[in-house]
Each structure stands twice: as structure tokens, then as C-alpha cells.
Amino acid sequence: MSLINRLSVRLQNHPKRVVYPEGTDPRIIQAARQYATRGLGVPILLGDRTRIKINAARLDIKLDGVKIIEPARSDELEDFMTKFQGLRRFRNLDKQSARDYVLNNNYFATLMLATGGADAIVSGATINASSALRPLFQIIPTQEGVQTASSMLILEKEDSRLGIDGALFMADCGVIPEPTSEQLADIACTTAGLAWHLTNERPRVAMLAFSSKANKDKHASIARMKAATSLAKDKARDHDMPVEIDGELQADAALDPFVAEQKEIGGSVAGQANVLVFPDLNSGNIASKLAQIVSGARSYGQIITGLSKPAAEISRGASAHDIFGATVIVAAQAVDKKYLYPTD
């Protein structure tokens, strides 16, 4: 059973509300219909009600169980404007400027998330990444003890030998261009924490580089990954996280037991990594897109990590299936782990 199907079964007992700022997009409407039909919670579409209904009718999709909100007509508008002006970043805005911000669907949806009107958000279907991420980073605080918000992409293949039952967690593939060693440590721990939350399996984190356990670290990127590995291990130990972290490792040594053995790299991560942390955004973004296209693996994300609320910033090229998968992931993230995976 795929990760999305496993999480869907568990979500049926703990349904969540997921808001979509781009509610008129046909792919969003399809994903929302699937989410509601499976009994996973309430999808909330933002946008012009007439356009949403017309687009749904064209797809022969019924909107039963789907909530539609037009921000300009919402009872929450005035309250959201007040709350928005109360944010330190925006406290000097006049009322009209605050209204203009809040009427932007992405800001309105993020305010719904921040105030408990929604449990998770999925955005980015029709806008560039920076426009989707900006409201999140401006309004939603990071998790306690975390300084860095980043992103994670989940690749899934029908090969249980890969990752966790075929699911491989990759970060950061969408946010921080050139992370410091401290940021990489945060990325490693927040990604591992979410992987554990979603699968209930021990994360094995590989801090990737172009060398494996080099004796010398003359190259700046190698030195940075070595330092990040040490910092991540300390952070995980301080927070009593059930995780294994090692680096620096090449991708083949991280994923292939035979390669790890041939290169004489031991440990609990080499050859069996299920979380990959890339040294920078160039490598992470390129590798993830190559893997999607060349291998045909299913992909879900970007899932934003490090924030105190669940959020996904999806690609403009995402299919309805991809969007549904991202929805399930952030909804499951909103469920307390003790309920998602109750112990006997």
C-alpha cells in the first residue's frame, strides 16, 4: 500500500480542513473532490463561487462536502484585517492597504491557517513559488527551537527497498539557495521529524556531498556538510529524536548497500538512507526533478518544514493526483502523532 493510501486510511478517523487559495483551478477542484469523497475532511476552496461552480460542472464534479469562500464577502474579512495589522511586520499599514493584502487569496488562506479556520494549506498551483511562500513565512511562525523553514519533496516508487517502503524524503528542494551548516542541521532534523511523523519508522538521514567520508575537507561544501552533520546529530540528541544521521555521503553510497560496502562505508545510514539532505538548492532541485522525470516516480510536495502549521507549496506543473497527495500529507501532518499512530 502506498504512503498516500496508508495515510488516507488513518485520516478517515481524524478528518482535517485543508484550504486551497487557488480554488477555481480545475486540478484543485478535482483534488478537493477526491479528498471529500474519501471522507478525509473538508476541502475549502477560495475564489469566485460562480467560476468554481462553472469549472466543476465542466468536469462533471459535484461540490457536496466542499466549502467555498469568497474572501471579499467573508464574515472574517474585518477580523483578519485587524489581525493582519497587528503583525509586527505590518503594524504601520493603513486600513486600505491591509484590506488589499487580506483580499489576496494566499494571504486570506494563510490567515485562516494562523487563526484555526483551517488545519493545513495547499498553494502554488497557478503562481510562482515566492508568491506562494511569502505569506506563509510572513505570518506563520517556525516551530519551537527551529530557526529555519525549508521544504521537503517525497518521491515514491513501487520498490520497498527504497527509503521507507518505497518513500524517499528529500530536502531542501525548494526554499534556501545556499544554506549554512546551521540551516542544514535544521533542515535535517525537521525533515527527519516529519518523515517519522508520517511513517512511524526511524529516519536514516544522509547528508549528501560529492565525496563520502573524505579525510580532508579542503572544499568549502564538504566542510559545510561535515559541520552540518555534527550539528544535526547534536540537535537530534538534545531533542531526543529517534533518528540516525551520517555524512558526508555520496548519493549512491547513501542508497545502495552494495555501493556502501564496496566503498567500505559502515554505519546505520549508508546503503539504507530514507532521508536525503542536499548541500544546496541547486543540487536538491535538479536531483528531485531529474528523479521525477527519468524514473517516473510519484512526487508530492514541496511540503514546507519547520513551520508551526502544515503547508504545501506545489508546482505549477502538478497534476490533480499530485495535489491530492500533497493534501493528504499536510492533513496527516496536522494530526497529533499519538492519534495518527496510536500505540497498543
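The values are calculated or read from the model by the stated rules, or taken from the named source; none is laboratory data. The shown structure was predicted, so the numbers you read here are calculated from the model rather than taken from an experiment. Quick reminder, even Gly has a Cβ in these numbers, built from the backbone with ideal geometry, and neighbours come from all protein chains shown.
Exactly one condition in (1) assigned to a loop (DSSP other than H, G, I, E, B); (2) over 29 Å from Tyr101 (Cα atoms); (3) within 25 Å of the chain's Cα centre (by Cα) is false for Asp60; which is it?
(3)
Among the residues of region 93-112, is any closer than 17 Å to Ser319 by Cα, touching a Pro at 6+ places or on another chain (Cβ under 6 Å) and touching a residue at least 24 places away in the same chain (Cβ under 8 Å)?
Within region 93-112 (the criterion being closer than 17 Å to Ser319 by Cα, touching a Pro at 6+ places or on another chain (Cβ under 6 Å) and touching a residue at least 24 places away in the same chain (Cβ under 8 Å)), the answer is no, since none of the residues qualifies.
What's the number of the only condition in (1) outside the structural domain of Gly163 (by TED's automatic domain parsing); (2) closer than 20 Å to Ser181 by Cβ that Ala206 fails to meet?
(1)
Among the residues of region 11-38, write down those that are surrounded by fewer than 17 Cβ atoms within 10 Å (Cβ to Cβ) and in a helix (DSSP H, G or I).
Pro26, Thr37
Can you find even one residue in region 282-290 that is surrounded by 20 or more Cβ atoms within 10 Å (Cβ to Cβ) and β-branched (Val, Ile, Thr)?
No.
For Val335, which of the numbered conditions (1) in a helix (DSSP H, G or I); (2) in contact (Cβ under 8 Å) with a residue 40 or more places away in the chain; (3) surrounded by fewer than 24 Cβ atoms within 10 Å (Cβ to Cβ) fails to hold?
The failed condition is (1).
I'd like the full set of residues that are more than 16 Å from the chain's Cα centre (by Cα) and not in a strand (DSSP E or B), limited to region 132-164.
Gln138, Ile139, Glu144, Gly145, Gln147, Lys157, Glu158, Asp159, Ser160, Arg161, Leu162, Gly163
So which residues in region 309-332 are surrounded by fewer than 20 Cβ atoms within 10 Å (Cβ to Cβ) and within 17 Å of Ala132 (Cα to Cα), if there are any at all?
Of the residues in region 309-332, the ones surrounded by fewer than 20 Cβ atoms within 10 Å (Cβ to Cβ) are 315-317, 319-321.
Of everything in region 309-332, those that are surrounded by fewer than 20 Cβ atoms within 10 Å (Cβ to Cβ) and within 17 Å of Ala132 (Cα to Cα) turn out to be Ser315, Arg316, Gly317.
If I go through region 172-201 residue by residue, how many of them are crowded, with 16+ Cβ neighbours inside 10 Å and not in a helix (DSSP H, G or I)?
Residues that pass the stated criteria total 6.
Looking at Gly116, Gly41, which is the one that is surrounded by fewer than 16 Cβ atoms within 10 Å (Cβ to Cβ) and under 12 Å from Val19 (Cα atoms)?
Details: Gly41 fails: surrounded by fewer than 16 Cβ atoms within 10 Å (Cβ to Cβ).
Answer to the check: Gly116.
For a quick check of your reading of the model, give me the residue pairs whose first member lies in region 258-269 and is assigned by TED's automatic domain parsing to the domain that holds Asn215, whose second is surrounded by 13 or more Cβ atoms within 10 Å (Cβ to Cβ) and charged (D, E, K, R), with beta-carbon atoms closer than 7 Å and at least 6 apart or on different chains.
The qualifying pairs are Val259/Asp252; Ile265/Lys213; Gly267/Asp246; Ser268/Arg204; Ser268/Glu244; Val269/Arg204; Val269/Glu244; Val269/Asp246.
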